[in-house]
Amino acid sequence: MAKRQRPVRLQPRHGVLTPVDAGFWWELWRDPNHLLLAAPWPVFLGLIALAYLLINVVFAGLYLLVPDGIGGIPEGREATFADAFFFSVQTLGSIGYGVLHPTSLATNLLVSVQSLLGILFIALTTGLAFARFSRTVARIRFSEWATVHSYNGVPTLMFRLANERRNSILDARLKVFLAIDEYSSEGHRMRRLLPLRLKRAEGIVFMLTWTAMHPIDRHSPLQGRSADDLAAARAELLVAFSGTDETLERPIHARHNYPVARIAFDHQFVNMVEPDGPGHILHFERLDAIRPAHTSG
């Protein structure tokens with residue numbers, strides 16, 4: 001019989017419904033590999049340290065169950081939990097025994113099991129750490145605002161993005177979707193993702209900045225929609241960037257979202273490029289700067 005799944009509470013995030021129920025996240029423990037790769041570094045290191053501690057605590061308790069199983073204890077006293085714990089640490093890490101050492105068959109069997117477990121533990125943690133280090137992380141910065149103003153006589157949606165690493169990203173691609181609530185004739189509500197066509201959706205190389213432009217013409221889902229209309233429909237712009245890092249020769253991805261509150265109508269971006277003799281100066285600090293449209297500057 002298939003296991004019955006309980007309902008999960010959802011809330012909108014990045015234009016999609018995201019689980020927020022604590023029990024849902026607890027179920028992620030059934031996929032520990034994904035959990036350890038997706039968790040932030042402090043959480044990852046904390047989980048590894050917790051697993052290391054638990055293994056040594058469990059084996060320390062097992063060693064204490066074997067009478068006189070640990071040699072090297074001063075005469076006149078029995079092995080304490082601290083003695084057994086640090087004996088377990090030496091065994092798990094293959095450090096080598098000093099004063100404390102196994103003296104019975106049962107203890108040697110436990111040492112053999114823990115040594116094998118230690119080999120597997122080190123191999124798994126090393127592999128996970130390498131997998132996390134080897135992942136490429138995009139350093140793509142998106143402008144804080146998206147703007148809508150007339151460009152060549154056509155209302156145009158614009159936003160900017162910049163490559164913070166200043167290296168080349170090959171075969172750069174950009175996709176933009178409008179996430180919006182729509183209602184059927186029967187009154188059913190559905191969250192829809194409508195593609196927005198860009199004037200330039202891909203490039204051979206992306207080095208510094210990119211201004212994405214979507215003409216709001218008769219083919220655009222934004223035509224005829226005011227800011228109030230978009231807010232009533234809980235509209236949101238979803239942006240997905242992909243490319244290949246020229247240095248690492250690996251794919252990179254980045255995403256961003258613009259809620260209606262971050263779409264400035266009748267505003268435009270401040271120019272980032274200024275002439276400087278035979279060349280130009282690029283002002284990265286102006287990436288987010290906007291001003292009312294139809295003004296100079």
Looking at segment 247-254, is at least one residue over 19 Å from THR147 (Cβ atoms), out of contact with any Asp or Glu (no Cβ under 7 Å at 6 or more places or on another chain) and β-branched (Val, Ile, Thr)? yes
Scan (1) open to solvent by 40 Å² or more (accessible area, probe 1.4 Å); (2) within 23 Å of PHE44 (Cα to Cα); (3) of a type in the set (Gly, Ala, Ser); (4) more than 25 Å from the chain's Cα centre (by Cα) for the single condition GLY118 breaks and write down its number. (1)
So the check is Cβ under 9 Å with 6+ separation or different chains; which pairs have a first residue in segment 25-46 that's more than 18 Å from PHE130 (Cβ to Cβ) and a second one that's modelled with pLDDT under 75 and surrounded by 13 or more Cβ atoms within 10 Å (Cβ to Cβ)? TRP25/PRO19
Can you name the condition, by its number, that PRO155 falls short on among (1) in contact with a His (Cβ under 8 Å, 6 or more places away or on another chain); (2) modelled with pLDDT under 90? (2)
Selected residue (only one of ALA212, ALA131, ALA162, ALA172 is within 30 Å of ASP228 (Cβ to Cβ) and among the small types (Gly, Ala, Ser)): ALA212
Name the pairs: first residue in segment 165-179 and among the acidic types (Asp, Glu), second residue surrounded by 15 or more Cβ atoms within 10 Å (Cβ to Cβ) and modelled with pLDDT under 95, Cβ to Cβ under 7 Å, at least 6 apart or on different chains? ASP171/GLY243; ASP171/THR244
Please count how many residues of segment 81-96 are free of Cβ contacts under 8 Å to residues at least 12 places away in the same chain and either in contact with a Gly (Cβ under 7 Å, 6 or more places away or on another chain) or surrounded by 12 or more Cβ atoms within 10 Å (Cβ to Cβ) (or both). 1
Unique match (being among the hydroxyl-bearing types (Ser, Thr, Tyr) and not in a helix (DSSP H, G or I)) among SER94, SER88, SER112: SER94
Listed residues PHE59, PHE130; which is closer than 30 Å to ILE252 by Cβ and either free of Cβ contacts under 8 Å to residues at least 60 places away in the same chain or acidic (Asp, Glu) (or both)? PHE130
Condition check for PHE284: of a type in the set (A, V, I, L, M, F, W, C), at pLDDT below 90 and open to solvent by less than 50 Å² (accessible area, probe 1.4 Å): yes
What residue, of LEU100, LEU208, is modelled with pLDDT under 90, of a type in the set (A, V, I, L, M, F, W, C) and closer than 30 Å to PHE85 by Cβ? LEU100
Taking segment 62-80 on its own, how many of its residues are touching a residue at least 24 places away in the same chain (Cβ under 8 Å) and either in a helix (DSSP H, G or I) or within 25 Å of ALA123 (Cβ to Cβ) (or both)? 2
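The values are calculated or read from the model by the stated rules, or taken from the named source; none is laboratory data. Keep in mind that what you see is a predicted model, and the values were worked out from it rather than measured. So basically every Cβ, Gly included, is an ideal-geometry build from the backbone, and we count neighbours across all protein chains shown. Accessible surface is based on the protein model in full, side chains and every heavy atom, while ligands, DNA and RNA are left aside. Shrake-Rupley method; radii C 1.70, N 1.55, O 1.52, S 1.80 Å.
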